[in-house]
Amino acid sequence: MKVAFKTLGCKLNYSETSSISREFVKKGFQKVSFNESSDIYIINTCSVTHNADKEFKYLVNKVKKKNPKSSVVAIGCYAQLKPKKISNISGVDLVVGADKKFDVLNYLNLDNKENSNVHSCEISSVDFFKSSFSMGERTRSFLKVQDGCDYKCTYCTIPLARGKSRSGQILQLVENAKYLVSNGIKEIVLTGVNIGDFGIFDINSSKKESNFFELIKHFNKIRNLSRLRISSIEPNLLGNEIIDFVFKSKKFVNHFHIPLQSGSDKILKLMKRRYLTSLYESRIKKIKELMPNCCIGVDVIVGFPGETDKDFNETFNFLRKLDISYLHVFSYSDRDNTESNLMENKVPNNLKSKRSKILRELSLEKKRVFYENNINSERPVLFESKNFDGYIFGYTDNYIRVKALWSKDLVDNVINCKLDYIDKDLVVKVKSKINVAKVLHQ
């Protein structure tokens, strides 16, 4: 029997989808591409934006046209938040909540075609940590180290979809990483909902017996692992000791992704973020003092309720002066059961689109400047495995997208490359012949 998987949303979802798919293969299922005809389609959903909801419906219609007799299964954040709503979507056969998604095999009833097959739960009951990691789909592996969130940001549904903050045991996570290395993985990306909040609480006290700094120190000792990358970390949890450690490490790469959400202190307070712009700016300056060529990505939300032109201009000017490398721009959308949903002074969609476009253009400018500053330097590149019209792509340690003439010798190898020039598609091209003998063994 054939099964296909589709992941919407974050790297954490990718790690979980990959782990779930391996369980299906172990049970004798044939895993196929989501674009192929399959008996079962499993969609790992996202709840961050309204567009993720729309994409889910589009995917259901798409696969049902491909195979009307197929079974469609919804798991993930949207499935946890809106199980009844999803079950009423034409074509959906099974909805599985957060406490059961890793056991979805046990809930499949392929003879039942009624769209009322829902296995949901109260999110407060989800207090376990399930280890997961991606393998086989990409050159890099996403390794889940933490799940859930205790923060109460007024716009966010993640605590409702994933529950309270919880973490894996350090020794088990290290063993997972060693397993990935033994299977040829060169780069591991540490992922979670709020990974800076990593830690296991001591049973006899309210204090954590471990933290994120302890975790990365253990990962740094793993032999034969070329690169480690931190997926995203809150600015208030990115202390100087972590920045200093990454600077000195030969495994952790010069790349941070640090959510900002707004450059207006007024809006940050309305969002109930745990920092103001002064702290955020100090983090960027600290990183750049130690690592001038470090790549820094930033999440920003435009059109939060109450965001005036003055507030947006503060955000724009704040971002423009920061030494950052790119932006992930999101337009605010109302989500049920969030504080911001009840706030007044909603920003019109056309204005949100206008502001989003302005910041996306700023992001392109920032990325081009960052790339230009790295031209003529030599950086280690981890090449991927696909041949795109005679070219192969990869990423430098500091997250610059690179392309070179295709060679099978480059596939899944970390190689020192001189960055020659920026191509028209904003990718750095390596025009000189690469010396494959420069494969880095670390």
Residues (in contact with an Asp or Glu (Cβ under 8 Å, 6 or more places away or on another chain) and under 19 Å from residue 412 (Cβ atoms)) located in the stretch 155-200: 184, 186
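Per-residue answers, yes or no, for (1) surrounded by fewer than 22 Cβ atoms within 10 Å (Cβ to Cβ); (2) closer than 25 Å to residue 132 by Cα; (3) without any contact (Cβ under 8 Å) to a residue 12 or more places away in the chain:
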{"position": "29", "(1), (2), (3)": "yes, yes, no"}
{"position": "40", "(1), (2), (3)": "no, yes, no"}
{"position": "58", "(1), (2), (3)": "yes, no, yes"}
{"position": "61", "(1), (2), (3)": "yes, no, no"}
{"position": "66", "(1), (2), (3)": "yes, no, no"}
{"position": "77", "(1), (2), (3)": "no, yes, no"}
{"position": "89", "(1), (2), (3)": "yes, no, no"}
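What are the residues in the stretch 323-348 that are farther than 9 Å from residue 305 by Cα and either loosely packed, with under 15 Cβ neighbours inside 10 Å or of a type in the set (S, T, N, Q) (or both), if any? Steps first, please.
If we filter the stretch 323-348 for residues that are farther than 9 Å from residue 305 by Cα, which is where we start, we get 323-331, 333-339, 342, 348.
Passing the criteria: 325, 331, 333, 334, 336, 337, 338, 342, 348.
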Answer yes or no: is there a residue in the stretch 396-405 that is at positive phi, crowded, with 19+ Cβ neighbours inside 10 Å and part of a loop (DSSP other than H, G, I, E, B). yes
How about the stretch 326-340: which of its residues are in a loop (DSSP other than H, G, I, E, B) and out of contact with any strand residue (DSSP E or B) (no Cβ under 8 Å at 6 or more places or on another chain)? 333, 334, 335, 336, 337, 338, 339
Based on this model, can you work out whether residue 323 counts as acidic (Asp, Glu), outside the structural domain of residue 415 (by TED's automatic domain parsing) and in a helix (DSSP H, G or I)? no
Within the stretch 4-60, can you find the residues that are at positive phi and at pLDDT below 90? 9
Out of 293, 317, sole residue that is modelled with pLDDT of 95 or more and in a loop (DSSP other than H, G, I, E, B): 293
Failed condition for residue 196, given (1) outside any helix (DSSP H, G or I); (2) within 18 Å of the chain's Cα centre (by Cα); (3) closer than 22 Å to residue 239 by Cα: (1)
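The values are calculated or read from the model by the stated rules, or taken from the named source; none is laboratory data. Source: prediction; values computed, not measured. All Cβ positions, glycine included, derive from the backbone under ideal geometry; neighbour counts span all protein chains shown.
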